[in-house]
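K.L.:
After the structure tokens below, expect a handful of questions from me.
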Amino acid sequence: MPLVGIGELARLLNRDPEAIRFAVQRGRITRRSDGLFDADQALAEWDANTLHERGHDNPFGQNIRSHPSCKAATMLIGNAR
């Protein structure tokens, strides 16, 4: 992939540019000395260094399927059948 700036990388990752800046500050993705990103490298680093289970709907980074409320709901649904 080509070299991209923060805005284009944010679009590729479907994230806010501030999330990209935060990841750079934390060392999760590497920015080149000219300020651009190698898109292939940045996407690979994002996948390798980001907790994908953690998000706005899951602020504690828990595996949602192993959460007690999910297990209880699964049991209730299973018993209702």
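K.L.:
Name every residue in the stretch 34-53 that is under 10 Å from the mean Cα position of the chain (by Cα), in a loop (DSSP other than H, G, I, E, B) and of a type outside the set (V, I, T), in order of residue number. Write out each step before concluding.
P.N.:
Just the residues of the stretch 34-53 that are under 10 Å from the mean Cα position of the chain (by Cα), to begin with: 46-53.
Checking which are in a loop (DSSP other than H, G, I, E, B) leaves us with 50-53.
L51, H52, E53 - these are the residues of the stretch 34-53 that are under 10 Å from the mean Cα position of the chain (by Cα), in a loop (DSSP other than H, G, I, E, B) and of a type outside the set (V, I, T).
K.L.:
Here is a further query. Quick one: how many residues across the stretch 2-33 are in a loop (DSSP other than H, G, I, E, B) and either surrounded by 12 or more Cβ atoms within 10 Å (Cβ to Cβ) or without any contact (Cβ under 8 Å) to a residue 24 or more places away in the chain (or both)?
P.N.:
11
Each value in this text was obtained by applying a stated rule to the coordinates, not by laboratory testing. Because the structure is a prediction, the values reported are computed rather than measured. Glycine gets a Cβ as well: all are built from the backbone with ideal geometry, and neighbour counts include every protein chain shown.
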